[in-house]
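Notes follow the structure.
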Amino acid sequence: MKKDLLLKDGNPQQGNPLGGTLGESLRSQGVSRRSFMKFCATTASMMALPPSMIPMIANALENARRPSVIWLSFQECTGCTESLTRAHTSTVESLIFDAISLDYHHTLQAASGHAAEAAREVAMEENFGNYLLVVDGSIPLDNPGYSTIAGISNLDMLTESAKGAAAIVAVGTCATYGGIPHANPNPTGAVSVKDIIKDKPIINVPGCPPIPVVITGVLAHYLTFGAIPELDHIGRPKVFYGQSIHDRCYRRPFYDKGQFAETFDDEGAKKGWCLYKLGCKGPTTYNACATTKWNNGTSFPIESGHPCIGCSEPDFWDGGGFYKALSLPTEDLSKTAVYAAAGAAAAGVAVSALNRGKKNASNKIHIKTTIDDLTQE
Amino acid sequence: MSSVGITQFNIQMGDELTQNVQPLLHEIRHALAALLESGKASIIDLRSIPLAPGEEEAIIEALGKGEINARLEALGPSDIYETRFAGVWLTSHYNEDHVVVSRFIEITELPAILRSQREDMAGALETLNEELQKQATS
Amino acid sequence: MTEIELLSWARGPGLQIATIIFVAGVVIRVLEILLLGRKANLAEAKGGEMSSGLKTMITRTVPDRTTFKRSSVTIVSGYAFHIGLFVVCFLSAPHILFLKDIIGFGWPSAPTAVIDAFAVITIIAMLVTLVNRLTNRVMRYLTNFEDLLTWFVTFLPVITGYIAFHRIGMTAPTLLAVHILSVELLLVVFPFTKLMHAFTLFIARWYNGAISGYRGVAS
């Protein structure tokens, strides 16, 4: 599949050889109708859509046109691209990549230097208003020199490329919420795509990295419906980020029964009990890991015995420690409590001394009523 | 997953974890009743249900195997067979590495993907015509 | 501010501030009461103070028959929500974990279904106390702003905790943050209101018992 992603010598004219619909393009490649049906069924499953929608998806994909895709990588580790290209070698999912025309991706494309930038510029010009912009990595605002591509600062490249985009897909927690570059103390002044681009529809696909089928699912959704999927309050597609890891976790019954692993090697850990006490962020993390799973459906971190670190949530890196349970204070409260109590004890004694003084003073000015006072006229 | 025997990292193989096996079988029962009554077919996506390790296998085992077993070779293999309950089919799509990419329980008389498809038949007719013409001219 | 930032603030600085105010406030107020001292009793002691004081601390837990008849709603709902609060606060796993982090030791937790049931009991009982307070003419006459405030800040953590557990309306990080913030509000208000009864209750009972014991009468 990686072969399909590579551009031929960076010649942008060859970037979009199939002008027709996706159906025509697949048929010309000898893909049978049954293969297409299998592809549509898998796509529906991938997009977490009900199987009853498969005919509708087939119809839409049949008539979809191949969109041009420009992929920009800023302050990132290439993990998102790795997630996508390494995990899925299967033919079925790779059809999604046949269905798009990836015109610029500086890690994957064969072209380099001026030819690569020329490919991006031509793709932007030819498909102005229609291309899909995919971004991974955060954008440094402190000093534009922190991250540049071909001498162009990330900020400039993003704003320029966003102008003609139909929609932007921010892939990975860096592009969606700033991610690790944005972590305290944020030395580069890293921000997310949404912090810069305000006038385009942005689909956030967070995760460190995101689940590959979630990335392809979003692309499939865009292809199928020609529109962006329904998003939650922080811009994530609800189909994939609609439920918390905790709510979909197969270890949830242990949580409810109060059976927890206390350490990584105790009896509870061996029995596969809930990892809440080991710092699992499942309850506050929204992602599809528990159902979609990783490595072609093998497992997900909790299934391998490690608590969820909440990588698809903003600021997951600064969430008070991966191994600190969610209900725990992030700072040392007992020390605070002891100091507060000691200070307060001193203050309490002082206040009591004042109170005693007041009491004695009022005792002194107290005049006893005598029988004489009562008999006075 | 099960098909390639990838090592199960998780030691937990509980059988009553998510308790989704029984409800799913009931869902199949309702769908089968509806198919008999009104001819309405339905599909259940097994990926859309949270299942603990071993639970998918438990469902497949509960459904058992029936009389028909079909193998499809299209973008990697697919197994489509009727379970021991007539009208309940299990469709497993694999990629070329034999990893499950999607799995459905179809409650229908015949899964649509098993029929010969109009587009493919049109293509087949074209090919057959070409070949006969070639024979006639040679 | 994102919801995760809000949660981080609630778990970090917010909790620190609330703890300082709560601990300092409670310590100062309890010391004030204890160190104020009592006037020397010049009468001859007719019995022991200590045993009578301790006994009263326990016996006052059971309401006498006439009191129960007169204000059964107050007593039943009061007991229900106090027991409920105890179970919910001290027997749910996340709470035990929180306390363990501070005091250094923990204890077994109850299943979530049990906690859930007690949370519902607490919520209902607290609503009953409020309705009773507002509909009963005498109670309403006696009610001031502080009574309503203390009811509110106690009710808030229970209801937000229940909502956070069941994820109603908002996303989990926000719900958890709101729950923790509501607890912080309770901690801050605690030392300056009649919520202090949690600490002063047994001191007051002991004094009552001790006075009776000194006089040689039943408490």
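List every residue pair whose Cβ atoms lie under 9 Å apart, where the two residues are 6 or more positions apart in sequence or sit on different chains, the first residue falls within the stretch C:31-42 and is more than 7 Å from chain A (Cβ to nearest Cβ), and the second residue, located anywhere, is surrounded by 10 or more Cβ atoms within 10 Å (Cβ to Cβ) and of a type in the set (Phe, Trp, Tyr).
Qualifying pairs under 9 Å: C:Arg38/C:Tyr207; C:Asn41/C:Tyr214.
Can we say A:Tyr276 is farther than 20 Å from A:Ala165 by Cα and of a type in the set (Ser, Thr, Tyr)?
Taking the combined requirement at face value, the residue satisfies it.
Identify the single condition in (1) farther than 19 Å from A:Pro51 by Cα; (2) within 14 Å of another protein chain (Cβ to nearest Cβ); (3) in contact (Cβ under 8 Å) with a residue 12 or more places away in the chain; (4) not aromatic (Phe, Trp, Tyr) that B:Glu67 does not satisfy, given that it satisfies every other one.
All conditions are met except number (2).
Filter the stretch A:300-323 down to the residues that are over 19 Å from the mean Cα position of the chain (by Cα) and crowded, with 19+ Cβ neighbours inside 10 Å, then identify the one that is farthest from the other protein chains (Cβ to nearest Cβ).
A:Gly305
Taking the condition on the phi < 0 side of the Ramachandran plot and over 21 Å from the mean Cα position of the chain (by Cα), does C:Arg70 pass?
In short, yes.
Got a number for residues in the stretch C:56-81 being surrounded by 14 or more Cβ atoms within 10 Å (Cβ to Cβ), within 30 Å of A:Ala345 (Cβ to Cβ) and out of contact with any Gly (no Cβ under 6 Å at 6 or more places or on another chain)?
Number satisfying all stated conditions: 2.
Contact list please: Cβ distance under 6 Å, first residue in the stretch A:333-352 and at the interface with chain C (Cβ under 7 Å from one of its Cβ atoms), second residue in a helix (DSSP H, G or I) and among the acidic types (Asp, Glu), pairs at least six apart or on different chains.
These pairs meet every condition: A:Val351/C:Glu32; A:Ser352/C:Glu32.
Hey, among C:Thr150, C:Thr200, C:Thr154, C:Thr174, which residue is assigned to a helix (DSSP H, G or I), in contact with a Ser or Thr (Cβ under 6 Å, 6 or more places away or on another chain) and not acidic (Asp, Glu)?
C:Thr150
Kindly check whether there is at least one residue in the stretch C:82-103 that is surrounded by fewer than 17 Cβ atoms within 10 Å (Cβ to Cβ), within 22 Å of the chain's Cα centre (by Cα), among the acidic types (Asp, Glu) and within 10 Å of chain A (Cβ to nearest Cβ).
There is no residue in the stretch C:82-103 that is surrounded by fewer than 17 Cβ atoms within 10 Å (Cβ to Cβ), within 22 Å of the chain's Cα centre (by Cα), among the acidic types (Asp, Glu) and within 10 Å of chain A (Cβ to nearest Cβ).
Residue by residue, here is whether (1) over 13 Å from the mean Cα position of the chain (by Cα); (2) polar (S, T, N, Q) holds:
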| residue | (1), (2) |
| --- | --- |
| C:Ala125 | yes, no |
| C:Leu142 | yes, no |
| C:Thr154 | no, yes |
| C:Leu195 | no, no |
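Output yes when any residue across the stretch C:103-114 is within 23 Å of C:Ser8 (Cα to Cα) and assigned to a helix (DSSP H, G or I), and no when none is.
yes
Can you say whether C:Tyr214 is buried (at least 16 other Cβ atoms within 10 Å of the Cβ), more than 20 Å from the chain's Cα centre (by Cα), more than 30 Å from A:Pro314 (Cα to Cα) and aromatic (Phe, Trp, Tyr), as far as the supplied structure shows?
yes
May I ask you to list the residues in the stretch C:151-203 that are touching an Asp or Glu at 6+ places or on another chain (Cβ under 9 Å), within 26 Å of C:Arg29 (Cβ to Cβ) and free of Cβ contacts under 8 Å to residues at least 24 places away in the same chain?
If the condition is that a residue be touching an Asp or Glu at 6+ places or on another chain (Cβ under 9 Å), within 26 Å of C:Arg29 (Cβ to Cβ) and free of Cβ contacts under 8 Å to residues at least 24 places away in the same chain, then no residue fits.
Which one is nearest to B:Arg47 (Cα to Cα) among residues in the stretch A:27-46 that are surrounded by 22 or more Cβ atoms within 10 Å (Cβ to Cβ) and more than 7 Å from chain B (Cβ to nearest Cβ)?
A:Met46
Select from the stretch B:98-138 the residues that are in a loop (DSSP other than H, G, I, E, B), farther than 27 Å from A:Asn295 by Cα and aliphatic (A, V, I, L, M) and list them in ascending order.
Result: B:Leu110, single match.
Of all strands (runs of 3 or more DSSP E) completely enclosed by the stretch B:15-97, which ones contain at least 1 residues that are of a type in the set (Asp, Glu)? Break it down into steps so the answer makes sense when it comes.
Values: elements: B:42-45, B:69-73, B:77-82, B:88-94.
Strands (runs of 3 or more DSSP E) meeting the threshold: B:42-45, B:69-73, B:77-82.
Of all residues in the stretch C:16-45, count the ones that are within 15 Å of C:Ala210 (Cα to Cα) and in contact with a helix residue (DSSP H, G or I) (Cβ under 6 Å, 6 or more places away or on another chain).
Total meeting the criteria: 1.
How many residues are buried (at least 18 other Cβ atoms within 10 Å of the Cβ) and within 9 Å of chain B (Cβ to nearest Cβ) if we restrict to the stretch A:270-292? I'd like the intermediate steps shown before the answer.
Narrowing the stretch A:270-292 to residues buried (at least 18 other Cβ atoms within 10 Å of the Cβ): A:272-292.
If we keep only those that are within 9 Å of chain B (Cβ to nearest Cβ) too, we end up with A:272-273, A:290-292.
Looking only at that region, the number is 5.
Just to be sure I understand, how many residues within the stretch A:248-263 are in a helix (DSSP H, G or I) and free of Cβ contacts under 8 Å to residues at least 24 places away in the same chain?
Selection size over the stretch A:248-263: 6.
Within the stretch A:178-185, does at least one residue satisfy the condition of being surrounded by fewer than 24 Cβ atoms within 10 Å (Cβ to Cβ), outside the structural domain of A:Leu275 (by TED's automatic domain parsing), within 13 Å of the chain's Cα centre (by Cα) and in contact (Cβ under 8 Å) with a residue 12 or more places away in the chain?
Checked the stretch A:178-185: at least one residue is surrounded by fewer than 24 Cβ atoms within 10 Å (Cβ to Cβ), outside the structural domain of A:Leu275 (by TED's automatic domain parsing), within 13 Å of the chain's Cα centre (by Cα) and in contact (Cβ under 8 Å) with a residue 12 or more places away in the chain.
If I go through the stretch A:232-251 residue by residue, how many of them are of a type in the set (Lys, Arg) and closer than 18 Å to A:Cys174 by Cα? Give the derivation first.
Here is the first cut: in the stretch A:232-251, the ones of a type in the set (Lys, Arg) are A:236, A:238, A:248, A:251.
Still in the list and also closer than 18 Å to A:Cys174 by Cα: A:236.
The qualifying residues number 1.
Within the set of pairs 6+ apart or on separate chains, which have a first residue in the stretch C:107-132 that is within 14 Å of chain A (Cβ to nearest Cβ), a second that is of a type in the set (Asp, Glu), and C-beta atoms under 9 Å apart?
C:Pro111/A:Asp256; C:Thr112/A:Asp256; C:Ala113/A:Asp256
When the stretch A:242-259 is examined, which residues are found to be at the interface with another protein chain (Cβ under 7 Å from one of its Cβ atoms) and over 19 Å from A:Ser299 (Cβ atoms)?
A:Asp256, A:Lys257, A:Gly258
Scan the stretch C:164-208 for residues that are within 28 Å of A:Ala344 (Cβ to Cβ), buried (at least 17 other Cβ atoms within 10 Å of the Cβ) and small (Gly, Ala, Ser) and report the count.
Within the stretch C:164-208, residues that are within 28 Å of A:Ala344 (Cβ to Cβ), buried (at least 17 other Cβ atoms within 10 Å of the Cβ) and small (Gly, Ala, Ser) number 2.
Just checking, how many residues over the stretch A:145-166 are part of a strand (DSSP E or B) and within 22 Å of the chain's Cα centre (by Cα)?
Counting residues in the stretch A:145-166 that are part of a strand (DSSP E or B) and within 22 Å of the chain's Cα centre (by Cα) gives 2.
Filter the stretch C:116-163 for residues that are out of contact with any helix residue (DSSP H, G or I) (no Cβ under 7 Å at 6 or more places or on another chain) and polar (S, T, N, Q); which is surrounded by the most Cβ atoms within 10 Å (Cβ to Cβ)?
Per the criteria, the residue is C:Asn136.
Which residue, of C:Ala18, C:Ala24, is closer than 30 Å to A:Ile234 by Cβ, within 20 Å of the chain's Cα centre (by Cα) and either in a helix (DSSP H, G or I) or more than 7 Å from chain A (Cβ to nearest Cβ) (or both)?
Residue meeting the stated conditions: C:Ala18.
The values are calculated or read from the model by the stated rules, or taken from the named source; none is laboratory data. Keep in mind the model is a prediction, meaning the values are calculated, not measured. Heads up, the Cβs are rebuilt from the backbone with ideal geometry, glycines too, and the neighbour counts pull from every protein chain shown.
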